[in-house]
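Student: Please see the structure below; I have some questions.
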Amino acid sequence: MVRTTKKNAGKILKDYLREHGIKQNYVAKKVGISSANFSSRLNGRLKFNADFALTVSKVLDIDPDIFLK
C-alpha cells in the first residue's frame, strides 16, 4: 500500500513542535538534514512525503499516522 501525507502535514508538525517546545533545528539535526531543508518541508517549498513523515515520527517518538492519510 502506498502511503501519502495529509495536505497539512507541515502545519501539523510545525504546531506539534511549537506546542512541545521543540526547536526545528534540533529535529533537522536528528533527521540529518539542514535547517533550511527542514523549514522548506514544513512550509511546503519542498515535498513533505511519507518517508520524511516516518523519519520525523521516529525521531520524535510519535505515531506517524498524524501525518499520513
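The values are calculated or read from the model by the stated rules, or taken from the named source; none is laboratory data. Note that the coordinates shown come from a computational prediction; the quantities given were computed from them, not determined experimentally. All Cβ positions, even for glycine, are placed from backbone atoms using ideal geometry, and neighbour counts span all protein chains on display. The accessibility values were calculated without ligands, DNA or RNA, using every heavy atom of the protein model including side chains. Shrake-Rupley method; radii C 1.70, N 1.55, O 1.52, S 1.80 Å.
Student: Taking the stretch 25-42 as the region of interest, how many residues are outside any helix (DSSP H, G or I) and either open to solvent by less than 60 Å² (accessible area, probe 1.4 Å) or modelled with pLDDT under 95 (or both)?
Tutor: The qualifying residues number 1.
Student: Write out, first by first residue and then by second, each pair whose Cβ atoms fall under 7 Å of each other, whose residues are 6+ apart or on separate chains, and whose first residue, in the stretch 46-69, is free of Cβ contacts under 8 Å to residues at least 60 places away in the same chain and more than 16 Å from Tyr26 (Cα to Cα) while the second is open to solvent by 60 Å² or more (accessible area, probe 1.4 Å) and of a type outside the set (Gly, Ala, Ser).
Tutor: That search, which allows pairs on different chains as well, returns Ala50/Arg3; Ala50/Thr4; Pro64/Leu54.
Student: Which count do you get for residues in the stretch 43-53 that are assigned to a helix (DSSP H, G or I) and either over 14 Å from Thr5 (Cα atoms) or open to solvent by less than 70 Å² (accessible area, probe 1.4 Å) (or both)?
Tutor: 3
Student: Next question. If you check Val56 against the conditions, is it of a type in the set (A, V, I, L, M), touching a Pro at 6+ places or on another chain (Cβ under 9 Å), modelled with pLDDT of 95 or more and open to solvent by less than 70 Å² (accessible area, probe 1.4 Å)?
Tutor: It is true that Val56 is of a type in the set (A, V, I, L, M), touching a Pro at 6+ places or on another chain (Cβ under 9 Å), modelled with pLDDT of 95 or more and open to solvent by less than 70 Å² (accessible area, probe 1.4 Å).
Student: Within the stretch 1-24, count every residue that is part of a loop (DSSP other than H, G, I, E, B) and open to solvent by less than 40 Å² (accessible area, probe 1.4 Å).
Tutor: Number satisfying all stated conditions: 0.
Student: Just to verify a result, which residue in the stretch 1-28, among those that are among the charged types (D, E, K, R) and free of Cβ contacts under 8 Å to residues at least 40 places away in the same chain, is farthest from Lys69 (Cα to Cα)?
Tutor: The selected residue is Lys23.
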